[in-house]
Amino acid sequence: MITTLLPSPAFWPTALLFGGAILEVLLAGFLSSRGKGWLAFIATAAALAASFALLPAVQGGAHLEATAFLWDGGAPLTYYVDGLSVLFMIMGTALGALILMFSIGYMADEPSGTTRFFFLMLIFIGGLTLLVGAQSLLMTYFAWELIGLCSYFLVGFWYARQEATDGARKVLLITHIAGFGFMAAILMIYAQAGTFIWSDPKVAASLSTTIVILLLVASMAKSVLFPLHTWIPEAMNAPTPVSALLHSACYVKAGVYLIARMYAIGDWHPAGGAFLLVVACLTMIVGVVFALAQTDLKRLLAFHTVSQLGYIAAGLAIGTDLGVAAALYYTISHALFKGTLFLCAGSIQHATGTRDLRELGGLYSKMPVTTWVWLIAAAAISGVPLTTGFVAKWLLLSAALDDGQAVVVMVAWFVSILTAFSFMKATVSAFYGDPSPSLAGKHIHEATPTMQVGMGITAVLCVVFGIAPQFLMDPVIAPAVEGLGFNWQIATSWGGVLTRAGSIDVSLGAIGVIVFSVVAAFGAYQLTRSRPGTAVNVFTGGESLPEGDRLSATDFAEMAEVAFEPVYKTDPDPLWLRFGSWLGAVAGKVGQTALWAEDKFIAVTLAGAAVLCVWILAL
Amino acid sequence: MLLLLVAFLALMAAAVGLYALSVRQGGGRWWGLATLTVVFVLAGLANEGSWTGIALLSLAELAAGALILSDGGAPARAAGRLYLSAIVPAIVLTMLAFTLVGIHGAEPGGITAKIAICLLLVGFALKLGLIPFSFWVPAVARGAPTTTAIVIISIVDIATFGELASLRHEAAWLFDDAQAVWVTLALVSMFAGALLAYAQTDLKRMLAFSTITDLGLLVLGVSLGTPLAMAGALLGALSHALSKTVLFGTVGLAERHIGMPVTLETRGLGGRMPLASAAFILAAINFIGVPPGFGFSAYWRIYVAATDFGGVAIIAVLLVVAAIDLLCYARAIHRCWLGTPQVELISALPRLAPAVLAALVVLTVALGFYPRPVTSVLEARPAGEAVHVTSNALPSASEQGERLAALH
């Protein structure tokens, strides 16, 4: 279906978000901080409704094309909205709306900069809708950098704090320099295909290994895949809603979109599938191992983002219909649980003034709602059944098994265990046990109602779509997968059970494993639990532990830190640093030469002119 | 096209005038010479393609030299002498070239053509401060009062560039016959300029060298000469004028109000001058061609044309330069403008100058989001002459073959 009118529904999400941003500026003088927050929320909620309205038009792999106006010279702003676009639009606006609702309370006491904050948040989300809707690669790049800049400004929101601006600088440099790969790929595509329109079959014909790798490298930086992931833990000094949006929906998912979109552009998989699969597995491992060593709650979550993006990339790299479906389902699942976790971390920081796990503890008694919300999201990221995290992992492992990727299955399984341990450590350290002495005297309070609603809804969705994933799979994931050129042959039932032929055996077998694991874990717990008045049932080499003491997840994390010592040496930052120093040294040498040349400018000018003239005369 | 350039430079002149009202850097003589320079520039461009136009633009360049000298301070006098040392021979060389081949430049052939190309190439390289003829650029940026530097870099230089671009239309053979030399000069200026900018610790000198990088890019566009490259170069010239006015303006404002040069040791200016800080950051982003800055419209056009010309190798060079530029400006932004303030203002900030700079930045971003008002003027073609890139039409089979050959 092709429409050429400006008010085509395809543009509504973007127009509503950008319109909201303009209103933020125009009404800045009339609105309180809360008023600005409500305005941003309403604009995003309206954009969410507009995104949902696009769903019927993309069912069955259909798409919508619309031209708004001539944008740059003779190039029009054209949207190509298919299932993948709508999936990302819904995800971005839904998470955006909930995070903005959370922000109303969170930013209420911010003394200044709230107009800037809400303006940038709206442009950020609007940039994502532009990215996923644009039909021209040039406009895609424009949106790619637009959201990059928004994240840069938002991470550096508190621009007078050194740690915040340092993080922002790293975001800018790593993602933007890697983004040049995207630019180079676009230029090479244009040189061969003569068009920027990605849906043009000539673009598919132009895809070469170099172009595919360049696109993947750009996506890796955006989606924090190893070794271009190191910017994300440094970006944690942003206001928490920014972290939540950046991690869940609007930034790291841009790279996921680009990789997924490549399926619609052409057959890229033979050129880059194996490369991406290796990167994905390494990312899963490196992310979770680094997460184990963290004591800053947001940094811990940041490294888990790295690890989880590895799962998503693995699904895309497998490249079957089930693999891509798993990746896209995982994308939404991750948006929900990671958004929730960050909002919980924000509530904790808002209430206690710290996010250092060593200074927290016992928050359950003061913040029960936050605790329950956290528990649901932590269960989801750990892959506990009846949550979206379980379904996502289930789909991914099924896809890997179907494709004969045993290594991926083993890596994903191993990383899941470490993820669970990491979250046990974080949960126990923050919410249970005795409160840390450093919290003494602080008035610790539960999150405000808007904050609770914001994070509560995302947590509920983690469960709803965990119990009934078919409500997400059939109307949202299926059109996206079909839009990428795959045949949808996936049938999902309650709890994530795959019911298509050939999958039932695996599903039933896995259910058996789960039941066995639960029973075995319960039995082990009962057997090892110390009874009051008895010695602790833990083998410690002969020494008895004090009564009531036992090894905990925290102890495991510390043990893991020691065990995984070599992995910590994979941090690529020293390499980037060395490159920076080398560049500085080269520039310094050139600078000295220039000073000399400025001193001898007559001789240098004459020599330069002579060289040029001789060259021209010799032509 | 010329009308657009004239209008744009008039806007720049008005902005510089308002800025100078707020940040005073010269007396009556300065205002007189600045006005004269701008009038010569605008009149020269309006009469472009004639001896009158050439003469007026040359007068503008000489008046700019006098403008530097009018400050009276030793650094300004030294800078003025250096500037005139470049400009006077440059004017002589270009005049000689025009005398040899005429204003409309019909190709004379043989050695005369080659001599004319030599004269013009060296003349314009001196005027624009391309590497290795760049000795006057950092001296003017550091030694001259800020407003004077802005007049020269954002107005006079851009008018000179307009003259070069116009020459591309009038006498394409001047560029086509020595395209390799023009392109090499442009690339060397870009690369060396970027490295030199990165080597600086003084912000004004850094801005000076990054000016050379950008002019290298613009000259590359003119050297390539395709409609797309020309449009990119002219858009780049407008973006350059906008950005450099804001960049020099904000640094000048900071220096005036902290009482010392801004170097990489200056910390947290943004905490004291938030509006100027925002203006600097956005102008820098625009300058290095990051969307949504207006500069992107220029960059992608030149990049596409350059890819057609040189394939993967030239993409690599251009993107490496862009990366160095980014590192350079990110360092300046984060060392000098953001972070914990460690400077104090010695006098109250005026309102007009930051407002003028902010308005220019808003214009930059607005044009970045919607560049069509400008790009449609530059790319307007007689009926039937298509601009193949923006209409997404396909190149011919032979062009395809050439592109593939270049890429592989």
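Coordinate-derived values only; no laboratory data. The structure displayed is predicted, hence computed values, not measured ones. Positions of Cβ are generated from backbone atoms using ideal geometry, with glycine treated the same way; all protein chains shown enter the neighbour counts.
Between B:Trp31 and B:Gln342, the simple label model (points 7 Å from Cα in the Cβ direction) yields a spacing of 4.1 nm.
Rounded, prolate or oblate, given the Cα gyration tensor of the range A:361-507, with a/c below 1.5 counting as rounded? Prolate, because a/c is 1.5 or more and a/b exceeds b/c. The ellipsoid that matches the Cα gyration tensor of the range A:27-133 has semi-axes, each √(5λ) in whole angstrom, of 30, 17, 9, with the longest given first. Compute the acute angle (0 to 90°) between the alpha-carbon long axis of helix A:321-352 and the principal axis of greatest extent of the alpha-carbon atoms of chain A; round to the nearest 10°. Approximately 70 degrees, to the nearest 10.
Fewest-first ordering of B:Tyr19, A:Tyr525, A:Tyr263, B:Tyr198 by other beta carbons within 10 Å of each residue's beta carbon gives A:Tyr525, A:Tyr263, B:Tyr198, B:Tyr19.
Remark: spin-label model distance A:Thr295-A:Asp109 equals 2.5 nm, labels positioned 7 Å along the Cα→Cβ axis.
Going from the residue with the fewest nearby Cβ atoms within 10 Å to the one with the most, A:Trp394, B:Trp51 rank B:Trp51, A:Trp394.
Within straight-line reach of A:Lys393, meaning a Cα separation under 29 Å, sit the following lysines at least 8 residues removed in sequence or on another chain: A:Lys222, A:Lys253, A:Lys298, A:Lys338, A:Lys425, A:Lys569. Of the Cα atoms belonging to the range A:397-440, the radius of gyration and Dmax stand at 17.4, 55 Å. With q set to 0.20 Å⁻¹, the log10 of I(q)/I(0) for the range A:229-306, from the Debye formula over equal scatterers at the Cα positions, is -0.92. A run of chain A free of exposed loop cleavage sites, with GluC sites (Glu not before Pro) counted only in DSSP states other than H, G, I, E and B and at most 11 other beta carbons within 10 Å, reaches its longest extent at A:1-542. Summed over all non-identical Cα pairs, the Kirkwood treatment of the range A:161-313 gives a radius of 15.9 Å.
Divided by 2.2 N^0.38 Å, where N counts the residues, the Cα radius of gyration of the range A:333-441 comes to 1.23. Within the same chain, lysines fewer than 8 places from B:Lys244 are excluded, and of the rest, those with a Cα less than 18 Å from its Cα are B:Lys127, B:Lys204. Rounded, prolate or oblate: which fits the range A:44-94 when a ≥ b ≥ c are the square roots of the eigenvalues of the alpha-carbon gyration tensor, with rounded for a/c under 1.5 and prolate only if a/b beats b/c? Oblate, since a/c reaches 1.5 and b/c is not below a/b. Taking the number of Cβ atoms within 10 Å of each Cβ as an exposure proxy, the fewest-first ranking of A:His443, A:His229, B:His334 is A:His443, B:His334, A:His229.
Temperature 25 °C, viscosity 0.890 mPa s: under these conditions the Stokes-Einstein estimate for the protein assembly as shown, based on its Kirkwood radius over C-alpha pairs, is 81 µm² per second.
The alpha carbons of chain B occupy a box of 64, 42, 37 Å along the principal axes, longest dimension given first. Using the Cβ-Cβ distance between B:Thr99 and A:Ala62 with R0 set to 56 Å, the FRET efficiency works out to roughly 0.25. Note on the range A:236-375: Kirkwood hydrodynamic radius from all Cα pairs is 16.0 Å, rounded to one decimal.
Rounded to the nearest 20, the size of the Cβ-charge dipole of the range A:181-322 about its Cα centre is 160 debye, with Lys and Arg at +1 and Asp and Glu at -1. Taking the longest Cα principal axis of chain A as reference, the axis of helix A:601-618 is set at about 70 degrees. For A:Leu595 and A:Asp434, the FRET efficiency from 1/(1 + (r/R0)^6), where r spans their Cβ atoms and R0 equals 41 Å, is about 0.05. In a fully extended conformation the segment linking A:Ala468 and A:Asp571 would gain 33.1 nm over its present Cα-Cα distance, using 0.36 nm per residue.
Compared with the dominant principal axis of the Cα atoms in chain A, helix A:449-467 is inclined by about 80°. Placing a label point 7 Å from the Cα of A:Ala607 along the Cα-to-Cβ direction, the residues of the range B:71-95 with a backbone N closer than 19 Å are B:86.
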